[in-house]
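Engineer: First the structure, then my questions, so here it is.
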Amino acid sequence: MREEMARREEAELQRSHQKPRSPEGWGLLLALWYLAFYKPIITESHLRRKNIKFIFIRFSAWQYAGCDKLWAGLVTTLCDSIRHHFGALPLSVYHVMGTQPRYASGFSQKEWVLKTDTCLKLWGLLFVLAAGLSILLVALLVPGIKDNHALKVVGSAVTSLSGSGLALGAFSVLKNLLVSEKQKIERLTNSERFASQLGFMSKVRREVEVLVDFLTFMEIFERRRFRVVLEITSLDICYPEKVAGVLNAMNTLLSEANTPFIFILAVDPSVIVPCLEQTGCMKGLADNGYLYLNRTVTLPFSIPEMGARSRLRFLEAAVQTREDLMYRIITGNVERRRAKCCAVPAPPGWREADAEAVHCIHQAFRCLHDGADPLARYLPASGAHVRRIVNTIPITLRLLLHRAGVPGVPSPRAAAAWVVLADQWPCRLSWVLQCLEDAWQSRPAPGFDSRSLWSIFQENVGELSGLRQALHNALSLDGDPELFQAFLARDFPFTARDARAFLGVTVNLDHSIRHKMGLLRGLNRLQKAAAAPVSRSVQCPH
């Protein structure tokens, strides 16, 4: 994401010839000036900006597991991180003097409009303050008027009133500078009347809305877009009701149309789904945690099983955490800095590889858009599922091209069809893959890889029917069974060899379903073996 950020920054600079601003040094004074006296306007040119700056925030749910409301810890972490990134002073001034950004009327490209009312109020206060000071000085210093008590009272009153208005604004800024948004929310959660505060959620929502408006202001000031990336980890070791609270907070923050938040949810679905099903948030979803996750997550990425090379890298990373081997990390940092100073050129051919990936992605999308192609008939009617498929196809194709050295790389159309298959029938596809895995482990006969997936499914569908009660929630994720038959038997007759090629890059399939099937299948076979009669050989006496 950082590499993409740098690439977009360079491309936007070449397009618009406008350097981004930074709220540091003199830029901080300029930002405060705009905060106080100008209204931000969202123009068409700003919406066309492609340069993005990511603000990364890590939220470990385990650190806040002792809180009564875990989602409040998520919101406070968000507020505190944004305050730390931009500084306390700009955010405090925005709380007092900032205005909500509005969209430009027509095709106006003017991004800043003077706050006429603020300027008039400020000049009026300064004029009244100057007049009051003048009257007070005249009443105190000019001979012959010193004894005029009424003039002294008028000068003192005018000076006090105008000065108190300025002091009140400075006090509000100082108060927001000392009391952060995180402290405000923590004060609300620590209140004894927390459970009975009907307006508590509205107050928290208002704090988040101020943060979103402040981010929009800083976007226009810095001439770039902002995206706040929250990485949520350790959620699968918290209590079920707290898991549901964090997911509800995510949905609340993402409910706005132009929200600048991106959530990276790193969890184990086999742990999260039972937690969700134990809470009351599943009402209306047939108590199915998989359906809740599918409606929450817009880009699923299930990490495949670790290969031999990844195991070695993981082992090396674990070894580097040892204190007696920390010198290897220091040596690696020195070599990386030296390579950066020497300006090591990019490896040859990377532009050609990227162009090939883009061409394959466009070719796959053309198959989805082509009404004459059978693949277009299997697209789901749900908008969320369509977004999942569109988000997953580029990742799958790039992973396939990354493994270009492996023989038999599938075509972009076949990759797109496999993504649709994994999205529409995850349970049935997981069952086929589990049967294939068991067959590969038992060394099948030659020619097994040329068998179609549909024939393998037909051969083992009776066993799947016997496990339908244990796999009820997973089976409810699948689409029309007749369409599944038409997909594999007629339009896309994938073979075991194709499944072997796609298995390592299938990121939109929840592998925990397949692991559960393997466990149930093993237990079922053990029960059958225990129930079978034991035959004993009897030796003939003759």
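Engineer: Somewhere in segment 268-284, is a residue at positive phi, exposed (fewer than 12 other Cβ atoms within 10 Å of the Cβ) and either modelled with pLDDT of 60 or more or in the same structural domain as Ala244 (by the TED database) (or both)? Reasoning before the result, please.
Structural biologist: Restricting attention to segment 268-284, the residues satisfying the condition of being at positive phi are 284.
From what's left, exposed (fewer than 12 other Cβ atoms within 10 Å of the Cβ): 284.
Narrowing the set further to residues that are either modelled with pLDDT of 60 or more or in the same structural domain as Ala244 (by the TED database) (or both) leaves 284.
Checking segment 268-284: at least one residue is at positive phi, exposed (fewer than 12 other Cβ atoms within 10 Å of the Cβ) and either modelled with pLDDT of 60 or more or in the same structural domain as Ala244 (by the TED database) (or both).
Engineer: Which condition breaks for Tyr64 when tested against (1) modelled with pLDDT of 85 or more; (2) touching a Ser or Thr at 6+ places or on another chain (Cβ under 9 Å); (3) not basic (Lys, Arg)?
Structural biologist: (1)
Engineer: Here's another thing I want to ask about it. Which members of segment 172-192 meet the condition of being open to solvent by 30 Å² or more (accessible area, probe 1.4 Å), at pLDDT below 75, outside any loop (DSSP other than H, G, I, E, B) and among the charged types (D, E, K, R)?
Structural biologist: Correct list: Lys182, Lys184, Glu186, Arg187.
Engineer: Please give the helices (runs of 4 or more DSSP H) falling wholly within segment 441-523 in which 1 or more residues are touching a residue at least 24 places away in the same chain (Cβ under 8 Å) and surrounded by fewer than 17 Cβ atoms within 10 Å (Cβ to Cβ).
Structural biologist: Values: elements: 453-466, 472-475, 481-486, 496-503.
Per the criteria, 453-466, 481-486, 496-503.
Engineer: I need a count of the residues in segment 386-440 that are among the hydrophobic types (A, V, I, L, M, F, W, C) and part of a loop (DSSP other than H, G, I, E, B). If you could, list the steps in order and put the result at the bottom.
Structural biologist: Here is the first cut: in segment 386-440, the ones among the hydrophobic types (A, V, I, L, M, F, W, C) are 386, 389-390, 393, 395, 397, 399-401, 404, 406, 409, 414-422, 425, 427, 429, 431-433, 435-436, 439-440.
Going one step further and asking which of them are part of a loop (DSSP other than H, G, I, E, B), we end up with 404, 406, 409, 425.
Final tally of qualifying residues: 4.
Engineer: Still on this structure, I have one more. Does segment 31-46 contain at least one residue that is touching a Pro at 6+ places or on another chain (Cβ under 6 Å) and either free of Cβ contacts under 8 Å to residues at least 12 places away in the same chain or of a type in the set (Gly, Ala, Ser) (or both)?
Structural biologist: Here is the first cut: in segment 31-46, the ones touching a Pro at 6+ places or on another chain (Cβ under 6 Å) are 31, 40, 42.
Checking the rest, the ones that are also either free of Cβ contacts under 8 Å to residues at least 12 places away in the same chain or of a type in the set (Gly, Ala, Ser) (or both) come to 31.
Within segment 31-46 (the criterion being touching a Pro at 6+ places or on another chain (Cβ under 6 Å) and either free of Cβ contacts under 8 Å to residues at least 12 places away in the same chain or of a type in the set (Gly, Ala, Ser) (or both)), the answer is yes, since at least one residue qualifies.
Engineer: Right, another one. Can you confirm whether segment 205-215 contains a residue that is assigned by the TED database to the domain that holds Gly25, farther than 27 Å from Tyr94 by Cα, open to solvent by less than 30 Å² (accessible area, probe 1.4 Å) and at pLDDT 80 or above? Lay out the reasoning, then the answer.
Structural biologist: First, pick out the residues of segment 205-215 that are assigned by the TED database to the domain that holds Gly25: 205-215.
So of that shortlist, the ones also farther than 27 Å from Tyr94 by Cα come out as none.
There is no residue in segment 205-215 that is assigned by the TED database to the domain that holds Gly25, farther than 27 Å from Tyr94 by Cα, open to solvent by less than 30 Å² (accessible area, probe 1.4 Å) and at pLDDT 80 or above.
Engineer: Could you run through segment 234-272 and say how many residues are in contact (Cβ under 8 Å) with a residue 12 or more places away in the chain and in a loop (DSSP other than H, G, I, E, B)? Please lay out each step first, then the result.
Structural biologist: Our first condition is that a residue be in contact (Cβ under 8 Å) with a residue 12 or more places away in the chain; within segment 234-272, this holds for 234-253, 256, 259-272.
Okay, now just the ones that are also in a loop (DSSP other than H, G, I, E, B), so 234, 238-239, 256, 259-260, 266-268.
Of the residues in that region, 9 qualify.
Engineer: Then there's this: In segment 352-385, how many residues are among the charged types (D, E, K, R), exposed (fewer than 15 other Cβ atoms within 10 Å of the Cβ) and outside any helix (DSSP H, G or I)?
Structural biologist: Going through segment 352-385 one residue at a time, the tally reaches 1.
Engineer: Answer yes or no: is there a residue in segment 304-314 that is open to solvent by less than 80 Å² (accessible area, probe 1.4 Å), modelled with pLDDT of 85 or more and not polar (S, T, N, Q).
Structural biologist: There is no residue in segment 304-314 that is open to solvent by less than 80 Å² (accessible area, probe 1.4 Å), modelled with pLDDT of 85 or more and not polar (S, T, N, Q).
Engineer: Looking only at residues that are closer than 30 Å to Val204 by Cβ and part of a strand (DSSP E or B) in segment 73-126, which one is least open to solvent (accessible area, probe 1.4 Å)?
Structural biologist: Here is the first cut: in segment 73-126, the ones closer than 30 Å to Val204 by Cβ are 73-103, 115, 117-118.
Next, from what is left, pick out any that are part of a strand (DSSP E or B): 102-103.
On the way: Arg102: 113, Tyr103: 128 Å².
So the residue we want is Arg102.
Table: residues versus (1) farther than 17 Å from Ser430 by Cα; (2) at pLDDT below 90; (3) under 32 Å from the mean Cα position of the chain (by Cα).
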site: Ala499; (1), (2), (3): no, no, yes
site: Thr506; (1), (2), (3): no, no, yes
site: His511; (1), (2), (3): no, yes, yes
site: Met517; (1), (2), (3): no, no, yes
site: Leu520; (1), (2), (3): no, no, no
site: Arg525; (1), (2), (3): yes, yes, no
site: Ala532; (1), (2), (3): yes, yes, no
site: Val538; (1), (2), (3): yes, yes, no
site: His542; (1), (2), (3): yes, yes, no
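The values are calculated or read from the model by the stated rules, or taken from the named source; none is laboratory data. Since the structure is predicted, the reported quantities are computational estimates derived from the model, not experimental observations. Here the Cβ is made from the backbone with ideal geometry for all residues, glycine too, and neighbour counts use every protein chain on show. Accessible surface is based on the protein model in full, side chains and every heavy atom, while ligands, DNA and RNA are left aside. Shrake-Rupley method; radii C 1.70, N 1.55, O 1.52, S 1.80 Å.
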